[in-house]
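Visitor: Mind having a look at this structure? Questions to follow.
The values are calculated or read from the model by the stated rules, or taken from the named source; none is laboratory data. Computed from a predicted structure; not experimentally measured. Neighbour counts run over all protein chains shown; Cβ positions are idealised from the backbone, glycine included.
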């Protein structure tokens, strides 16, 4: 019998300013939830999509030893997006940076037996479909869409932390109501996450799980390391354009003239 995990923490992400003129709902990385090992930040935004991304596309960037990047909306048309920061293990923090671009046509769509639950599988495996993203530490990231009245029993690895983030619709997690922009941290004990859509409404959520790294986290702006000494060294490398930032002095964003 499926034993659902209980709720450890539940809160509504508050809207805040981010970047140049952007507004986001921040759950992980907020005062309510500083981090959830191995996740550092989760933002939900209603804005234009950056770069060449279309609705349903995924871009997974591994910063590694350092990468200069800039995102600006390609058009002024409204779009809905999520940004997730995942911490790298200490022994992988200085790897070469890389991008994994996954067009929406390549994202697996999986369904439960009666087709009442659809899953877009980005990382991990659901309903026999495996996501295309290769992660540096064990992580799953799945977008679930439940029809009205549908129920989902989603198994979670016993060693993983788990978070549910509600995008739209209404329903329940265990017996607690869910509303848009709400984040739910699950307890570690139990087989997984139990979700139920309202009888008269669909429910759309992201469920992410990750194995804790159990390492110190020191974050300063965009830099995330394991100690203050490593942060100081990273700032020095950036200022002196070395150890991964060799192109920092001459790098210029192609977006600067698109504002």
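Visitor: All but one of (1) buried (at least 19 other Cβ atoms within 10 Å of the Cβ); (2) at positive phi hold for residue 205; state the number of the condition that does not hold.
Guide: (2)
Visitor: (1) touching a helix residue (DSSP H, G or I) at 6+ places or on another chain (Cβ under 6 Å); (2) crowded, with 22+ Cβ neighbours inside 10 Å: which one isn't true of residue 140, the others all being true?
Guide: The failed condition is (1).
Visitor: Output the residues belonging to the stretch 160-179 that are assigned to a loop (DSSP other than H, G, I, E, B) and over 21 Å from residue 40 (Cα atoms).
Guide: First, the residues of the stretch 160-179 that are assigned to a loop (DSSP other than H, G, I, E, B): 160, 170, 174-175, 179.
The answer is 170, 174, 175, 179.
Visitor: Name the residue that is surrounded by the fewest Cβ atoms within 10 Å (Cβ to Cβ), counting only residues in the stretch 215-232 that are out of contact with any strand residue (DSSP E or B) (no Cβ under 8 Å at 6 or more places or on another chain) and farther than 21 Å from residue 30 by Cβ. Spell out the reasoning first.
Guide: Looking only at the stretch 215-232, we keep the residues that are out of contact with any strand residue (DSSP E or B) (no Cβ under 8 Å at 6 or more places or on another chain), and these are 215-216, 220-223, 229, 232.
Filter again for farther than 21 Å from residue 30 by Cβ, leaving 215, 229, 232.
Details: 215: 15, 229: 10, 232: 14.
For the stretch 215-232, the residue satisfying everything is 229.
Visitor: Can you find even one residue in the stretch 87-97 that is surrounded by fewer than 15 Cβ atoms within 10 Å (Cβ to Cβ), more than 30 Å from residue 239 (Cβ to Cβ) and at pLDDT below 90?
Guide: no
Visitor: Okay, moving on. Is it true that residue 157 is without any contact (Cβ under 8 Å) to a residue 24 or more places away in the chain and in a loop (DSSP other than H, G, I, E, B)? Quick ask: steps written out before the conclusion?
Guide: Details: without any contact (Cβ under 8 Å) to a residue 24 or more places away in the chain: no; in a loop (DSSP other than H, G, I, E, B): yes.
Here the answer is no, as residue 157 does not meet what is asked.
Visitor: Could you say which residue among 166, 162, 176, 137 is in contact with a strand residue (DSSP E or B) (Cβ under 9 Å, 6 or more places away or on another chain) and at pLDDT below 95? Give the derivation first.
Guide: Values: 166 fails: at pLDDT below 95; 162 fails: at pLDDT below 95; 176 fails: at pLDDT below 95.
So the residue among 166, 162, 176, 137 that is in contact with a strand residue (DSSP E or B) (Cβ under 9 Å, 6 or more places away or on another chain) and at pLDDT below 95 is 137.
Visitor: Any idea which residue in the stretch 70-86 is modelled with the lowest pLDDT, counting only those that are exposed (fewer than 14 other Cβ atoms within 10 Å of the Cβ) and in contact with a strand residue (DSSP E or B) (Cβ under 8 Å, 6 or more places away or on another chain)?
Guide: That would be 78.
Visitor: Regarding residue 56, is this residue crowded, with 18+ Cβ neighbours inside 10 Å, at pLDDT below 85 and in a loop (DSSP other than H, G, I, E, B)? Quick ask: steps written out before the conclusion?
Guide: Numbers: crowded, with 18+ Cβ neighbours inside 10 Å: no; at pLDDT below 85: yes; in a loop (DSSP other than H, G, I, E, B): yes.
Taking the combined requirement at face value, the residue does not satisfy it.
Visitor: Okay, moving on. Exactly one condition in (1) at pLDDT below 95; (2) farther than 24 Å from residue 33 by Cβ; (3) surrounded by fewer than 19 Cβ atoms within 10 Å (Cβ to Cβ) is false for residue 244; which is it?
Guide: The failed condition is (3).
Visitor: Something else about it: On the given criteria, is residue 206 under 17 Å from residue 144 (Cα atoms) and either modelled with pLDDT of 80 or more or assigned to a loop (DSSP other than H, G, I, E, B) (or both)?
Guide: Working: under 17 Å from residue 144 (Cα atoms): yes; either modelled with pLDDT of 80 or more or assigned to a loop (DSSP other than H, G, I, E, B) (or both): yes.
For residue 206, the condition - under 17 Å from residue 144 (Cα atoms) and either modelled with pLDDT of 80 or more or assigned to a loop (DSSP other than H, G, I, E, B) (or both) - is met.
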